[in-house]
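Nothing in this text is a laboratory measurement; each read-out follows from the coordinates by a stated rule. Model, not experiment: these values are computed from the prediction. Cβ atoms come from the backbone with ideal geometry, glycine included; neighbour counts cover every protein chain shown.
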Amino acid sequence: MLRYTFLFYLLIGNTISATEEKGGMPQLNPESFSSQIFWLTLLFITLFLINHYFFLPKIKNIRRKRDETIQSYLDEAKKLNDSFNSLVEKMNKEFEEVKNEQNALIKKTFDENKKIFDKKILEINNDFEDKKNKLNSDIDENKKMITNELPKLCVDLSDKLYEKIIGEKIKGSVSDFKKIIGDDK
């Protein structure tokens with residue numbers, strides 16, 4: 001680098017010292033316009049060629065790789081999204097199948113339990129009716145027995161009351177009792 005700097009001062013040193021002696025601003029001196037235009041053109045052409053053939057291909061390559069990477073990520077994301085969606089659809093389908101199976105099983109179990117329940121209710125109702133009929137027949141028998149025994153019981157009770165109240169023992173008859181209540185048949 002030092003060599004290039006030295007060579008630069010050696011070649012341009014005379015020009016710099018000559019322009020300093022003339023006085024004024026060298027950029028505005030019409031004698032230096034041609035050299036300024038030459039160096040300006042040479043510098044811009046050099047910068048353009050370096051940019052065009054060195055930096056621009058690297059930038060294009062980076063951009064192409066970036067676009068390829070983005071596209072590969074987008075393709076991979078699309079594949080993952082499609083597989084995820086198919087997995088979700090499959091899970092929803094399986095869920096619906098299992099839900100339908102469970103609903104059918106629940107309905108079947110409910111129907112079976114309802115049949116058992118109805119059967120038990122029918123048995124309980126039949127048992128209740130049997131017990132009610134038996135109880136009604138027992139009540140009817142007891143009613144008949146009490147109806148048949150009532151005059152005798154009333155006579156015995158009246159005899160005991162008479163004996164307790166008056167102190168005499170007398171024996172009443174059932175036929176007299178029936179005559180009193182008007183049930184003489």
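So which lysines pass the test for Lys90, namely a Cα distance under 27 Å, with those fewer than 8 places away in the same chain ruled out?
Lys78, Lys79, Lys99, Lys107, Lys108
Taking R0 as 41 Å, what's the FRET efficiency between Asp118 and Val88 from their Cβ-Cβ distance, rounded to 0.05?
E between Asp118 and Val88, to the nearest 0.05, is 0.40.
Put a dot 7 Å past each Cα toward the Cβ at Leu74 and Asn29; how far apart are the dots in nm?
6.0
Determine the alpha carbon to alpha carbon distance for each of Lys143/Lys171; Lys134/Lys164; Lys144/Lys171 and list only those over 30 Å.
Lys134/Lys164
Can you give the FRET efficiency for Thr41 and Arg64, using 1/(1 + (r/R0)^6), R0 = 45 Å, r = Cβ-Cβ distance, to the nearest 0.05?
0.90
Relative to the Cα centre, what is the charge dipole magnitude of the chain, using +1 at the beta carbon of each Lys and Arg, -1 at the beta carbon of each Asp and Glu, and rounding to the nearest 20 debye?
Approximately 380 debye in magnitude.
With volume of the Cα convex hull per residue in Å³ as the read-out, I listed (1) 535; (2) 111; (3) 140; which label goes with the value calculated from this structure?
(1)
Based on alpha-carbon centroids, what's the gap between the range 23-61 and the range 119-178 in Å, whole number please?
Result: 141 Å between the Cα centres.
Given the Cα-Cα distance of Lys99 and Ile146 and 0.36 nm per residue of separation, how much length would full extension add, in nm?
10.2 nm
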